[in-house]
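Participant: Got a structure for you, questions after.
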Amino acid sequence: MKLVDSSTWVHALRRRGDLAARERARLLVLSGQAAWCPIIRLELWAGIGAASERRMLTEMEQRIPELSINDEVWQAACELADRCRKAGKRVPANDLLISACARHHHVEVEAADTHFDFLKTV
């Protein structure tokens, strides 16, 4: 299973999205390996506009497993933020939370966002 970040879902939801990211998302969904978490779902709902995207997102809510974000995940995200700051790098809070969620559930993150490449190193 992989936690698919909104950066990949955005490409998958758009006809003109990056083909490689679209294909990665498609394969994960078809194989039953795609997951998301509440913050990713919120990011997507906040960013979509077209009726077709809204229908697709509603359908995804029925099919994509959601990994929980509990107090342990929040604490791990805060600790990850501290390590990033000490390394001299600022990472958006939502990416910290997503990375902490993936670590908590022992899954990898599928992302088209370079912040996650850095987060693998801290």
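Participant: Wholly within the range 1-49, which helices (runs of 4 or more DSSP H) include no fewer than the required count, namely at least 3 residues that are closer than 17 Å to VAL73 by Cβ? If you could, list the steps in order and put the result at the bottom.
Facilitator: On the way: elements: 6-13, 19-30, 38-47.
Because the criterion is at least 3 residues that are closer than 17 Å to VAL73 by Cβ, the helices (runs of 4 or more DSSP H) in the range 1-49 that meet it are 38-47.
Participant: Step by step: first the residues of the range 88-121, then only those that are loosely packed, with under 12 Cβ neighbours inside 10 Å and not basic (Lys, Arg), then the one that is modelled with the lowest pLDDT. Which residue is that?
Facilitator: Among those residues, the one meeting the criterion is THR114.
Participant: Could I ask something else about it? What's the number of the condition ARG16 fails, among (1) surrounded by fewer than 16 Cβ atoms within 10 Å (Cβ to Cβ); (2) at pLDDT 95 or above?
Facilitator: Tallying (1) surrounded by fewer than 16 Cβ atoms within 10 Å (Cβ to Cβ); (2) at pLDDT 95 or above, ARG16 fails exactly one: (2).
Participant: Let me ask another. Among the residues of the range 53-110 satisfying the criterion of being acidic (Asp, Glu) and in a helix (DSSP H, G or I), which is farthest from LEU3 (Cα to Cα)? Show your work before the answer.
Facilitator: Pass one, the range 53-110, residues acidic (Asp, Glu): 53, 59, 61, 66, 71-72, 79, 82, 95, 108, 110.
Right, trim to in a helix (DSSP H, G or I) and you get 53, 59, 61, 71-72, 79, 82, 95.
Working: GLU53: 20, GLU59: 18, GLU61: 14, ASP71: 19, GLU72: 17, GLU79: 20, ASP82: 23, ASP95: 12 Å.
Among residues in the range 53-110 that are acidic (Asp, Glu) and in a helix (DSSP H, G or I), the one farthest from LEU3 (Cα to Cα) is ASP82.
Participant: OK, next. Within the range 51-79, can you find the residues that are modelled with pLDDT of 95 or more and over 19 Å from ALA35 (Cβ atoms)?
Facilitator: Passing the criteria: ASP71, GLN75, CYS78, GLU79.
Participant: Picking from SER68, SER31, SER52, which residue would you name as being among the small types (Gly, Ala, Ser) and in contact (Cβ under 8 Å) with a residue 12 or more places away in the chain?
Facilitator: Numbers: SER31 fails: in contact (Cβ under 8 Å) with a residue 12 or more places away in the chain; SER52 fails: in contact (Cβ under 8 Å) with a residue 12 or more places away in the chain.
After ruling out the rest, the residue left standing is SER68.
Participant: Working only within the range 61-87, note down all residues that are buried (at least 18 other Cβ atoms within 10 Å of the Cβ) and within 15 Å of the chain's Cα centre (by Cα).
Facilitator: ILE64, LEU67, ILE69, VAL73, ALA77
Participant: How many of the residues making up the range 86-110 are within 16 Å of THR8 (Cα to Cα), free of Cβ contacts under 8 Å to residues at least 60 places away in the same chain and touching a Cys at 6+ places or on another chain (Cβ under 7 Å)?
Facilitator: 0
The values are calculated or read from the model by the stated rules, or taken from the named source; none is laboratory data. Bear in mind that the values here come from a model prediction, so they are computed numbers and not experimental data. Glycine also receives a Cβ, built like all others from the backbone with ideal geometry; neighbour counts cover every protein chain displayed.
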